[in-house]
Amino acid sequence: MRIGVLTGGGDCPGLNAVIRSVVRTASAHYGSEVLGFRDGWRGLLEDRTTPLDVAAVDGLLTRGGTTLGSARVAPERLNAELPQMKDVLATHGIDVLIPIGGEGTLTAAHLLSEAGVPVVGIPKTIDNDIDETDLTFGFDTAVSIATEMIDRLHTTAESHQRVLLVEVMGRHAGWIALHAGLAAGAHLTLVPEEPFDVEEVCRLVTERFDRGDSHVIGVVAEGAHPLPGTMDLRDGGLDEYGHRRFTGVAQQLGEELEQRTGKEVRTTVLGHVQRGGTPTSFDRVLATRFGLHATIAAHEGRHGQMVALRGTEIDLVPLEKAVARLKTVTPSRLAERAAFTG
Ligand code: F6P
């Protein structure tokens with residue numbers, strides 16, 4: 001069998017571990033060949049490939065990023081060029097394609113599958129917002145990095161009796177903010193799922209200082225936004241993929257807090273550091289298991305599926321179901337914060 005692999009969307013730690021796992025499983029268990037497409041769907045559209053054998057994936061387990069390169073492609077282009085992608089796959093004799101990616105990549109995988117291409121998807125994203133899987137790899141690494149950074153901010157905030165706001169990634173889902181906030185003992189966690197009331201945030205800050213606390217640490221997901229009418233957030237318009245351009249919610253909230261409470265506020269935006277570097281051992285294991293089970297599914301003809309973590313086991317779920325909606329933070333998970341914030 002010949003398997004095609006590509007990594008799409010924003011990169012995340014663990015992608016290389018999946019590529020290695022697919023190649024080793026295909027080669028050792030089945031004697032199959034693997035061909036990588038460069039830079040996500042773009043490589044498939046433009047017929048740019050790289051052969052992947054066991055030697056090519058040597059040493060990849062611990063390396064961050066993706067050796068195949070990644071890119072975002074506008075959904076309209078993918079839709080319009082489905083026939084071209086099918087032609088390229090046929091030219092290379094690809095029997096099954098394994099796309100590794102987040103919402104956009106898996107939606108495109110579903111489209112290809114509907115168009116008759118055998119596909120097995122693998123979910124990745126530091127945001128952990130893919131539905132039907134308990135976790136995506138990359139998330140644990142991002143949370144670990146964010147936690148370490150927040151731990152460090154506690155001590156400098158204490159020294160200066162400041163409010164420190166930390167902006168973490170999370171466009172639609174606040175999983176990183178929630179988990180890093182809990183792990184690092186943040187006093188405030190703002191997520192996209194729950195618009196914040198700036199007055200409430202000011203009250204919390206003032207109360208903490210009034211009762212003698214030395215500092216306030218707030219974790220703010222980049223997609224967090226104020227309740228309408230409570231504070232203006234600059235509008236950055238939309239990017240070429242139809243995503244809202246962020247304008248720095250933590251910085252703007254910080255300015256508002258300084259004005260309204262008189263406290264000194266500093267803002268740290270963690271940004272892409274959350275996606276860089278080597279994956280945690282948890283992510284290496286999850287990525288390796290996803291790659292193994294996707295390759296087995298590819299050989300057993302279980303196509304149109306995505307591998308998923310369910311409890312401790314790896315399962316298969318229909319791609320159609322996995323991309324139907326995003327997995328956002330649930331009200332019950334938000335309620336758990338109550339005893340540890342404020
Ligand atoms: O989807 C993963 C993610 O890291 C989001 O958390 C973030 O909003 C986005 O990608 C950033 O994308 P880019 O790398 O294109 O700036």
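The values are calculated or read from the model by the stated rules, or taken from the named source; none is laboratory data. Computed from a predicted model, the values in this text were never measured in an experiment. In this analysis, Cβ positions are derived from the backbone assuming ideal geometry, glycine residues included, and neighbour counts consider all displayed protein chains. For the accessible areas, the whole protein counts, side chains as well, though only heavy atoms, and no ligand, DNA or RNA atoms are used. Shrake-Rupley method; radii C 1.70, N 1.55, O 1.52, S 1.80 Å.
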Query raised in the report: Taking segment 100-125 as the region of interest, how many residues are small (Gly, Ala, Ser), open to solvent by 20 Å² or more (accessible area, probe 1.4 Å) and in a loop (DSSP other than H, G, I, E, B)?
Result: 2
Report task. Return the residue satisfying two criteria in turn: it lies in segment 168-183 and is away from the ligand (no atom under 11 Å from the Cβ) and open to solvent by 20 Å² or more (accessible area, probe 1.4 Å), and of such residues it is nearest to Val201 (Cα to Cα). Result -> Leu182
Requested in this report: Say whether the condition of being in the same structural domain as Thr147 (by TED's automatic domain parsing), without any contact (Cβ under 8 Å) to a residue 12 or more places away in the chain and either within 16 Å of the ligand (Cβ to nearest atom) or over 16 Å from Glu264 (Cα atoms) (or both) is met by at least one residue in segment 184-198.
Outcome: no
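Residues checked against (1) over 18 Å from the mean Cα position of the chain (by Cα); (2) under 30 Å from Gly59 (Cα atoms); (3) among the β-branched types (Val, Ile, Thr):
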residue: Glu222; (1), (2), (3): no, no, no
residue: Glu258; (1), (2), (3): yes, no, no
residue: Gln274; (1), (2), (3): no, yes, no
residue: Ser281; (1), (2), (3): no, yes, no
Requested in this report: Evaluate the following for Gly93: is it under 29 Å from Leu44 (Cα atoms), at pLDDT 95 or above, more than 15 Å from the ligand (Cβ to nearest atom) and not in a helix (DSSP H, G or I)?
Outcome: yes
**Report entry** Complete set of residues in segment 126-138 that are within 16 Å of the ligand (Cβ to nearest atom), assigned to a loop (DSSP other than H, G, I, E, B) and out of contact with any Cys (no Cβ under 6 Å at 6 or more places or on another chain)
**Finding:** Asp127, Asn128, Asp129, Asp131, Thr133, Leu135, Thr136
Report task. Could you tell me which of the residues Met231, Met306 is surrounded by 14 or more Cβ atoms within 10 Å (Cβ to Cβ), assigned to a loop (DSSP other than H, G, I, E, B) and not basic (Lys, Arg)? Result -> Met231
Requested in this report: Identify all residues within segment 206-228 that are over 16 Å from Pro192 (Cα atoms) and part of a loop (DSSP other than H, G, I, E, B); write none if there are none.
Outcome: Arg211, Gly212, Asp213, Ser214, His215
Query raised in the report: Taking into account only those residues within segment 1-40 that are in a helix (DSSP H, G or I) and among the aliphatic types (A, V, I, L, M), which is nearest to the ligand (Cβ to nearest atom)?
Result: Leu15
